Amino acid sequence: MVQCEMCGAETSSPKTIKVEGAKLDVCSNCTDFGTEVKTASSSSTSTKYSTGSGSGSGSGSSNTSSSGGRSSGSGGSRRRDMFDEMDEIVTDYDDRIRRAREKKDLSQSDLANELNEKASLIRKLERGDTLPSDRVQSKLERFLEISLTGGSGSSEDSDWEGGSSSGSYTLGDVVKRKD
């Protein structure tokens, strides 16, 4: 007997369905939640019908589930995703933008005109209400001659040493309250 990957019920004949790109072996009650995947034979299906996007999402979900159970075996073959290569924006990006703008003696609307953006966007960025898109971020960095990634934003994280002596952390160790 196999457990249904959706509800956990034991089933003797699981059916494979696809739910939002993930293939799951489910019981007959849960087949309505996805599209049933027809498999003539598993070896010919995986090579004959697999596409770039289908195999990418399938391998991503299988790597995620296997890394939880067998971390030593799949550690070296972890698939890289787009977030591994992205730079994190600094936490004080709003202050950096405002200081650099004031250093150049520009108003918010002047800066917006120079960047060909709306003044309301500059106001929101300087208040910290919104994060700049990649395009706006590169415009700001180029025009104001500043860096909005890496730097001092990550230094406060590296100095932080919370958690118990066992090395495990709880949500309370990480969360900063806004009281």
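So here's what we get for this one:
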{"read-out": "Under the Karplus curve 6.51 cos²θ - 1.76 cosθ + 1.60, θ = phi - 60°, whole-Hz ³J(HN,Hα) for region 5-14, x wherever Gly or Pro sits", "value": "6, 9, 10, x, 6, 7, 9, 8, 10, x"}
{"read-out": "Neighbourhood net charge (13 Å Cβ-Cβ; Lys/Arg +1, Asp/Glu -1) for residue 94", "value": "+2"}
{"read-out": "GluC sites (Glu not before Pro) restricted to region 110-150 and DSSP loop, no more than 10 other C-beta within 10 Å", "value": "145"}
{"read-out": "Label-point separation in nm, residue 87 to residue 138, each point 7 Å along Cα→Cβ", "value": "1.2"}
{"read-out": "Additional length obtainable on full extension of the chain from residue 174 to residue 124, 0.36 nm per residue less Cα span", "value": "15.3 nm"}
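Bear in mind these aren't lab numbers, they're just calculated from the coordinates by the rules spelled out. Computed from a predicted structure; not experimentally measured. Cβ coordinates were reconstructed from backbone atoms using ideal geometry, including for glycine residues, and neighbour counts include every protein chain displayed.
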